[in-house]
Structures are given as structure tokens and as C-alpha cells.
Amino acid sequence: PWTPDMPYLKELEKTPATERYQRYLELREQYTSSPSFFLDCGGYFLKHQMQSKGVRILSNLLELDLENPALMRTCAYRLQQAGELDAAVDIFTDILAMREDEPQSHRDLGLALSQRWQRDHKEEDLISAMRLLWAVVKQEWQRFPEIELTALLELNRLIRLAEKKNIAIPEQIEQRFRTTLDLDLRISLSWDADLTDVDLHVLEPTGEHAYYGYRNTRQGAMVSRDVRDGYGPEEYLLKKAVKGVYTIKAHYYASDQQSLCGPCTVMVSLFTDYARDNEQEQTLVLRLDKAGQEFLVGEVTVD
């Protein structure tokens, strides 16, 4: 897993486990206005199975600048990764109220609700998730062309799950849009900052390098359209994967936004056997420090 190379994390690492929270409180005096500090420390405590303290630390992000959608989205991504879905849903709901004109606000809330449905099996969560994704599909988003294709892929996965549980599909979702696309491998990258360009790169075991400049590989993979000014998602889709290691990288290309949030935070969702009965998912959240750099996200091995 990716770990930021920060002095305060080194301090926590060399502190005995029983004293780490107290050491965090001491360090906090130096970083009271740093979102990165709270993001990194919250992630550190979550990683070390100190859930309640990690969530408490992350909540500081919401207090640094009230009603800042980027900070709110960053916090919600981390909470979602940690399984704190109720808190994540609440934050994404507030973001949607503030940024209803952005399709990512609908999509983020829809995906969080679908995860909570899979945990709690409350039918209303799944129905709301389908409606939110349909809201992305049915509109044309001038700043974010083709995001409706991503939402349609995700919507049809939920439709498949709903039909397996005999849950009625919302009537407004047109029948002609209903078809499930199952995949060996799906990688989706989103980020928290507007006016920012982050690029998804996948190195295939065949030796090919899939990215916005080479969107279709010989084995049939496809990379979605390049999103240059905010949020994503960018995706890698592969129906039939050859065996081997797939290396995932994120290139923090550029940012035109001066933000309290500092470094850009990205969320990468990795699926194997997407939209199949044996589907597996892993979510990674990482912080990209400087524009112009490329970061290793992780690797997935297809057997």
C-alpha cells in the first residue's frame, strides 16, 4: 500500500501503540491548518485498526473550511474506504445539495448508497442509487463528456443485482438502456479537485501501456476519454484479460486550482470479475503531492 513519506507519520511509527494518539495530539499543534496532516494521520490510525480514532481525526477536515466541497469529498472518500458508509453518505448528500450541477456529485452518492445496500440490504438505498446514476445517464454534461457512459455501466451492474433480489427497477430507467457488461478487469480513478488533470495509466503483462494517448490495446482493453479539468472518472475496461501482472499508475498532470486542500486526493476502485457472481472489489485512496509526478497505485495479478 502507498504511504506518504511525512515526518509526522515517522513520529507515530516509532511511538508505542498505546501512546500514539497522545503523540498525534501533540503533533497536531504544529499542523492545525493542514488538511494533509489530518488525512494522513486519519488513514494511519485506520490502517492500524484504530477505527474510532481514525474517524475522529478525519472529521477535522470538515472543520478546516465549512462547506468546502473538495475537503468534504476527500473526507467522504476516506470514510467510504474505511467502511464508515453512513457518515460518507451524509457528506455526499451535502455535497450534492451544494454541487447538483456536477455529475460526480450524483455518482459519488449513488455509489456510496449502493455499497451501503450491499451491507445493510435496505431496498431504498439501492433504488436511490439507481435513480442517482440514471440522473447522470440521462443528461448531457458539457464539462464532463462521456461520464454518462461510466454511470450507465455502473447502473446496469446495480440493475442486475436488483433483479436477482426481485427489487423493482425505477420506472424512469428506459428498457433500451438495460444491458449488463461484465468484465475480467475494471479500474476506475476519481479525484477530489476541480480544474485538475489526473491521468490513469495501466501497464499490461503484454508490454502495452494503456492511457489516454493509447486507449485501445491489442488484447481488447479500453481507456475512457481523458478528463482534463476535474474529478474524473477515468477508467480501464477489459473483457478478457491475459494472465499476468497489471500495474496501475496515476499521473498528476496539472492543476489550475488554488485550494486549501493542498495535494490532490484520488480514489481508485479496482474490480475483478466485474458484474459477475464472483466479483471482487478493492478501493485505494492516496494523496498525490506534486503536479507533474507519476505515482504507483498498485498491481493486480490475473491468474
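The values are calculated or read from the model by the stated rules, or taken from the named source; none is laboratory data. Keep in mind the model is a prediction, meaning the values are calculated, not measured. When we count neighbours, we look across all protein chains shown, and the Cβ atoms used for this are built from the backbone with ideal geometry, even at glycine. For the accessible areas, the whole protein counts, side chains as well, though only heavy atoms, and no ligand, DNA or RNA atoms are used. Shrake-Rupley method; radii C 1.70, N 1.55, O 1.52, S 1.80 Å.
A few comments on the model shown:
- Anchor K53: lysines whose Cα lies under 20 Å away (excluding residues fewer than 8 positions away in-chain): K10, K14
- Lys, Arg +1 and Asp, Glu -1 on Cβ, resulting dipole of the chain about Cα centre, debye, nearest 20: 700
- Cα-based helix-to-principal-axis angle, 85-98 vs the chain, degrees rounded to 10: 80
- Nearest-ten-degree value, helix 103-120 long axis tilted from longest Cα axis of the chain: 90
- Dimensions of segment 65-208 along the principal axes, based on C-alpha atoms and rounded to the nearest Å, stand at 44, 43, 32, largest first.
- Averaging the sequence gap over all C-alpha pairs within less than 8 Å and six or more residues apart, then dividing by the number of residues, gives the chain a relative contact order of 15 percent.
- Among P233, P16, P103: highest mean-square fluctuation, GNM of the chain, C-alpha pairs under 10 Å: P16
- Of L238, Q115, I57, farthest towards positive along the dipole that unit charges on Lys, Arg, Asp, Glu beta carbons give the chain: L238
- For L12, solvent-accessible area (1.4 Å; no DNA, RNA or ligand), Å²: 0
- Gaussian network model of the chain, springs between alpha carbon atoms under 10 Å - residue of R218, R119, R99 with greatest fluctuation: R218
- Note on K240: aspartates and glutamates with a C-alpha under 19 Å away, same-chain residues under 8 apart excluded, are E154, D182, D184, E204, E208, D273, D277, E279, E281, E299, D303.
- Percent of Cα pairs exceeding the 30 Å cut-off, where the set is the chain: 32
- Sum of side-chain charges, D90 neighbourhood, beta-carbon under 12 Å (Lys, Arg +1; Asp, Glu -1): -2
- Solution diffusion estimate, µm²/s, Stokes-Einstein, segment 58-144, Kirkwood Rh from C-alpha pairs, 37 °C, viscosity 0.692 mPa s: 250
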